[in-house]
Structure formats: structure tokens, C-alpha cells
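Note sheet for the following structure.
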Amino acid sequence: MSEIKPNDKGSSEESAEEQDWAAAKAAFDNLKSNKPRPPKPKNAVTIAVSSRTLFNMKAERKIFEEEGLEKYVAFQQEHENEPLKPGPAFPFVKALMNVNTQLRELYPDNEELFDIVLMTNNHAQVGVRLINSINHYDLTIERFCMTGGKSPIGYLKAYLTNLYLSKSADKVIQAIDEGIAAATMFTPDTEQELSDTQLRVAFDGDAVLFSDESEIIVKQHGLDSFFEHEKAFENKPLAQGPLKCFLEALGKLQRKFYAKNERLNCPIRTFLVTARSAASSGARVLKTLRSWGLEIDEALFLAGAPKGPLLQKIRPHIFFDDQMFHIEGATELGTISAHVPYGIGQKYHKGKLIEQPKKKE
Amino acid sequence: MVSTDQKTDVKEKEADCPVVVAVTSHAVFESGGAEDPDGLYVGGIAFPLLQALQKVNERLLKENPAESLLFDVIVITTESQQQQQSSRITESIRHHGLKVSRFCFSNEEDFIENLLNNNVHLFLTTNRNEALQGSQKGVLSVLLDEHTASCPTEQLRVLFCGDAVVQSEAGPALASKQAAQSFSAQIGKMRGRFGLFDSPISIALVTSRGGRESCGDALRTLRSLGVNADEAYCLAGVPRGPIKRLLRPHFLLSECFSSN
């Protein structure tokens, strides 16, 4: 699992880290509660969620935008003991916790688990309400960063983050630029009942798992060119996209279940939901996945049909797509969606080139 | 301005005393007594720290020209060789534009007495032995290291360590808890003079071993001292090197929390 995380430190710093880890482990084991111990960061699949994705802070956000920072923090402090309501990432976090429970049953001393970190720009005084809310729902979130307004990007790296979810597109773009899988979360208009025994994650293909190289062809040369190109290059793997490593991390955890004969009941299920069609351009995608040694449980080729209705049937805890058009379609029908702001898809909306305003200096 | 809780409001009605910070000449100037072409000392590890303290004072006075809760900076020599360099030290300080209210030209024998006589609230040194001696006499003593040299000059960054582990390589073991708590209360009060945004002081809390409860408890402990942290990081075993490099604190305090 450690290949997923960078390892570029000198040996003296590494031994200091090992000491820190041993001390933290001992401290947790000595606690009288039977709270599960957070996993070793190097071995874990670390998911960082922002406060607004974990909790519904719409009302509070409004106060911040209309009345400013001081009033916002004062409000949060006044309501400190009132738990916040769940946000879009909440079901995903509960599903991750559920997988952890099952992993711990099969592998008691294992560090290859999901690790959920709260990564927020909020001031530490607001943090008290966040901690109280986490306590209220008994979420296993033992690590957090409250940066008091500073950029979280450096901290994402310091916490060895595998996936970052935020409501702020700016931060997500910065994270992706730094090579961290990230997506902007959207709350669906209606709530769907989601599985509480299986984590279900759906991915778009191009510009999410794969690079946007083929999407560029579609946008600039049209569908026919795209089909010809994909058929011609069927056996050449696509380059990887921003969420490929996250799929890889899910795959490693899935294999732990397979090793214990739990393939049929595996509590992690992955879906590919792509506008490609199986006949003409689908083969390249499947072959690419195979060349990466990655599996996806279900591959759904829509041949251009809208994704919303299909996702409604799949009911994933999260669905990643690079195009806002698909995100909108999905959230309208109740799917919790996350936009991956990567690639050529950001310059287009519904097939038309968006006029880019002149960038401010 | 952020309002702190009832207790500190009552205290604010009395005139606030200045926060006396003593820094050794070894920390202020480059070790080995390096000199520039004019024969004056070159700035050392504690330089950015002094500039940051000065910045805080400037901003405090801007908010309230009659402010009495200011940093009162003393430069102290702690050994005889430096003790004899008094004029060069004062000249160098003036040359670099640093505002120092007093100089204490002591040596190894009597510097501790001078710290006590001057009612020093915080003693900053690059010498572990000196820090230990200071703590043993009940003076809050903090060891500065090379990281302090690369800290910002525009904002004073104070890091509270909620569990002793983070502090272990830097600080002495016997620092007086009471001295630490009263200094922290002063810092908290100073922080309260500014708003949440654009403050010349920033207070961060780090817990390195425990989970969210231990960090939550540390936040509440700080609050009870009148300190409202701006930033909080709960590591629970995450490697602390990269975090410390991002935080860039001028100095670390850990004695406020009960030692386990």
C-alpha cells in the first residue's frame, strides 16, 4: 500500500516519524475507551473532507458571506453545542467507517484502512462546534486540520491525503494541480436511500480515471474522429487521470476481502459510468484498466445517454465526473456528485466553448 | 474586536502590565560573533522573532496609543565574553533598528538573578543549559533553534503543544506550569486586541499523539486561560516534521497542559 504514498525523506526524519507513530499508537492503546485507533498514515487510504462537505453549513455560510468573518465565528460559538446536520460527504464517510469495521474484523492488527481527516479553513474556535458535531454522530475522525484561513494544500500533503473533498472549487483545483485526487461536492436536490453495508463509488472515465486526451479529440474534432481514433488506438493504454490512484487504493482494499473469500459480499463496489459506447470506444477503456492491473466491478457504457437515471439505480455514495453537465443531471435525480475540475471539459458547457473572461493579474 | 469571556473583561479594567521578554545576545546575533564591515554583529536566529515582537507592539499602539500590554524586550548576555561587548551590542541593536528597552550585561553566574529581578515572563535562548537553569528557577524558558530563523517577521506565530511529545527535543523538562499559564494568558489577551483577520499574532495548537478528544480538551484548556487559538491540528501520529515546516512557529509552549 505504501507505493500509493510518496516517500522522499531522509533516514533520521523517518526514524523520528517511527517514534512518533509508536508513541501515538501506545497512547491510543492505553485509552480506556474501545475507540478504534487511527491507522498509520503511510498505510492508510486517507480521505480529507472539508467542514462544508461533512456537515450542512448553508445557514452559517450565508452569515459569513453577508455579515463577515467575525459575526460568522461568533454565531458558531453561540451554537457550539448544537450539532450540525449532515452534509453531502456524510453518507460517504459512514460507508467508509463501515468498510473499516469489516476490515478490522478480518484483519485485527491491520493498518490498511480508510483514514478520515477533517481538513478545514475554519478558525479553531469554530472547530469546537465541528468536534462536538463529530462526537454527536460518533464518527471515527481522529485527525483534523483547522487552518484558520490558510490554504490547506500543504497540509493535505503532510497528512498523506489520497482524496480531498471540498465545496470550494479553487481549493480542489489547487489540490489537483499538486497531484492530489480531489473533487468539488454537490448536494443533490432529493435524498436517496443508500446502502449501509456496501461502499459504492461511481467514476466517469475520461478526464477522471483517464486523462482528457480522448475528450480533447471529441471537443475539437467531433465524435466521428473520436471513434476512429479510439478504434485505432484500442491497444494503447490511455494516460492516467486525477482519480486513477484513488481507484487503485480502493482496489487494494477490495483485494483484502477477496483474500478472505469475501468477493461476493465485498463491502466495496466500484462503477464506471461513461458516455462512451461499448461497441466503438469501450474496449480501449477496459484494456487500459487491465494494463494498469485495476479492476472495476461494473462498467456501464451509456453511448451518450444521460447518466442521471442510471445513477439513480446504482445509488453510489459518491459519483465523480469532470463535466458539470453530468453533475447537474446526476444531482437533479438524487445522486451525490463530485466535480473533478480537470482537463478540456472545464472549457466547455454542453458541448459549447465557454467564453473565458480575461484572467485578473 | 473579538470579545473574550467574562473573566478577562473584568481584568482588562486594571492597567495591563507589559510582557517582559528576555533574549540572549547569542540568540539575537549570529553565533561566533560574526561581524559586518563596520565591526557590528550580524543578525542571528532570534532576529525575525524580535522583528515580529516589534510588529505586534506597533499594531497594539495603533489600535490604542495608550496600550500598556506591550512586549518589553530585554537583551541579556549570559557569559562574560559577551558581557564585555556591551557597546558593540548596543551599537549593533541600534544599527539594525531593533527596539530594545533594556540591556542586561550579565555573565554565567548572575544572569538568572537578573532574569528574576527584571520580572522576566519569557526567556529565549539558544543554549539548552541556560534554558534548563531558567526553568529550574521558575522562569518560563524556551529554547530557540534554527527553524526560528526562517519564521516570518510580519506576524508572531506561537505554537502550543497539547501533548509533550512535540516539545521533547526542544524544551526543558521542569518549566514552571504557572509561569507558562500566566504568559499564555497574556498572549491570549494580546491576541484579543485584534480581529480574526490580519492579526500580527497567530496562535496555533498542535496535539501529536491523541485523537480529537485530546485536541478538543486542549482547545478548551487554552480557552480557560483566555487563549483563543486561531489554528488547531490534531495529528494522532501523523509525522510532525512537514507540519512544523508549514506552521513556522517562532516558539513552542507546552507547559500549560498537564504532563503525562
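The values are calculated or read from the model by the stated rules, or taken from the named source; none is laboratory data. Just so you know, these numbers come straight off a predicted model, no measurement behind them. Every residue, glycine among them, receives a Cβ derived from its backbone with ideal geometry; neighbour counts consider all protein chains shown. Accessible surface is based on the protein model in full, side chains and every heavy atom, while ligands, DNA and RNA are left aside. Shrake-Rupley method; radii C 1.70, N 1.55, O 1.52, S 1.80 Å.
Conditions (1) of a type outside the set (A, V, I, L, M, F, W, C); (2) without any contact (Cβ under 8 Å) to a residue 24 or more places away in the chain; (3) out of contact with any His (no Cβ under 7 Å at 6 or more places or on another chain), marked per residue:
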residue: A:LEU253; (1), (2), (3): no, no, yes
residue: A:ALA259; (1), (2), (3): no, yes, yes
residue: A:CYS266; (1), (2), (3): no, no, yes
residue: A:THR274; (1), (2), (3): yes, no, yes
residue: A:ALA303; (1), (2), (3): no, no, yes
Just wondering, is there one or more residues in the range B:50-60 that are charged (D, E, K, R) and more than 24 Å from B:LEU143 (Cβ to Cβ)?
-> yes
Would it be correct to say that A:PRO88 is assigned by the TED database to the domain that holds A:ILE47 and either surrounded by 15 or more Cβ atoms within 10 Å (Cβ to Cβ) or touching a residue at least 12 places away in the same chain (Cβ under 8 Å) (or both)?
-> yes
Tally the residues that are touching a Leu at 6+ places or on another chain (Cβ under 8 Å), under 21 Å from B:PRO48 (Cβ atoms) and open to solvent by 50 Å² or more (accessible area, probe 1.4 Å), restricting the search to the range B:61-90.
-> 1
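Restricting to the range A:209-259, name every residue that is among the charged types (D, E, K, R) and under 20 Å from the mean Cα position of the chain (by Cα).
If the condition is that a residue be among the charged types (D, E, K, R) and under 20 Å from the mean Cα position of the chain (by Cα), then A:ASP212, A:LYS244, A:GLU248, A:LYS252, A:ARG255 are the ones that fit.
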Identify all residues within the range B:37-64 that are farther than 19 Å from B:SER150 by Cα and either among the basic types (Lys, Arg) or modelled with pLDDT under 90 (or both); write none if there are none.
-> B:PRO37, B:ASP38, B:GLY39, B:LEU40, B:ARG59, B:LYS62
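Identify, please: which residue in the range A:262-281 is of a type in the set (A, V, I, L, M) and over 18 Å from A:ARG104 (Cα atoms) and is, among those, most open to solvent (accessible area, probe 1.4 Å)? Quick ask: steps written out before the conclusion?
Of the residues in the range A:262-281, the ones of a type in the set (A, V, I, L, M) are A:264, A:268, A:272-273, A:275, A:278-279.
Filter once more, so that each one left must be over 18 Å from A:ARG104 (Cα atoms): A:264, A:272-273, A:275, A:278-279.
Values: A:LEU264: 170, A:LEU272: 0, A:VAL273: 0, A:ALA275: 44, A:ALA278: 64, A:ALA279: 88 Å².
Looking at the filtered set, the residue picked out is A:LEU264.
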Would you pick out the residues in the range A:212-261 that are open to solvent by 60 Å² or more (accessible area, probe 1.4 Å), under 25 Å from A:LEU163 (Cβ atoms) and among the hydrophobic types (A, V, I, L, M, F, W, C)?
-> A:ALA259
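Mind listing whichever residues of the range A:314-337 are over 22 Å from A:VAL99 (Cβ atoms) and open to solvent by 40 Å² or more (accessible area, probe 1.4 Å)? First the steps, then the outcome.
Quick first cut of the range A:314-337, residues over 22 Å from A:VAL99 (Cβ atoms) only: A:321-334.
Correct list: A:MET324, A:PHE325, A:GLU328, A:GLU332, A:LEU333.
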Going through the range B:232-251 one residue at a time, which ones are touching a Leu at 6+ places or on another chain (Cβ under 7 Å) and either touching a residue at least 40 places away in the same chain (Cβ under 8 Å) or over 12 Å from B:CYS161 (Cα atoms) (or both)?
-> B:ILE243, B:LEU247, B:PRO249, B:HIS250, B:PHE251
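Enumerate the helices (runs of 4 or more DSSP H) found wholly within the range A:6-114, keeping only those where 1 or more residues are closer than 19 Å to B:ARG212 by Cβ, at pLDDT below 95 and within 12 Å of chain B (Cβ to nearest Cβ). Break it down into steps so the answer makes sense when it comes.
Numbers: elements: A:11-30, A:51-54, A:58-67, A:69-78, A:90-106.
In the range A:6-114, the matching helices (runs of 4 or more DSSP H) lie at A:11-30.
Just to be sure, is B:SER3 modelled with pLDDT under 95 and closer than 27 Å to B:LEU116 by Cβ?
Numbers: modelled with pLDDT under 95: yes; closer than 27 Å to B:LEU116 by Cβ: no.
So B:SER3 fails the test.
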In the range A:195-211, what residues are open to solvent by 40 Å² or more (accessible area, probe 1.4 Å) and in contact with a strand residue (DSSP E or B) (Cβ under 8 Å, 6 or more places away or on another chain)?
-> A:ARG200
Of the residues in the range A:134-156, those that are within 16 Å of the chain's Cα centre (by Cα) and facing chain B (nearest Cβ under 7 Å) number 1
Options B:SER106, B:SER101, B:SER68: the member that is out of contact with any strand residue (DSSP E or B) (no Cβ under 7 Å at 6 or more places or on another chain) and at negative phi = B:SER68
Residue by residue through the range A:39-49, note down the ones that are open to solvent by 10 Å² or more (accessible area, probe 1.4 Å) and not basic (Lys, Arg).
-> A:ASN43
When every residue in the range B:206-260 that is charged (D, E, K, R) and open to solvent by less than 30 Å² (accessible area, probe 1.4 Å) is compared, the one nearest to the chain's Cα centre (by Cα) is B:GLU255
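Kindly indicate whether A:LEU130 is among the aliphatic types (A, V, I, L, M), outside any helix (DSSP H, G or I), in contact (Cβ under 8 Å) with a residue 12 or more places away in the chain and within 14 Å of chain B (Cβ to nearest Cβ).
Here the answer is no, as A:LEU130 does not meet what is asked.
Yes or no: A:THR120 buried (at least 24 other Cβ atoms within 10 Å of the Cβ) and in contact (Cβ under 8 Å) with a residue 60 or more places away in the chain?
On the way: buried (at least 24 other Cβ atoms within 10 Å of the Cβ): yes; in contact (Cβ under 8 Å) with a residue 60 or more places away in the chain: yes.
The answer is yes for A:THR120.
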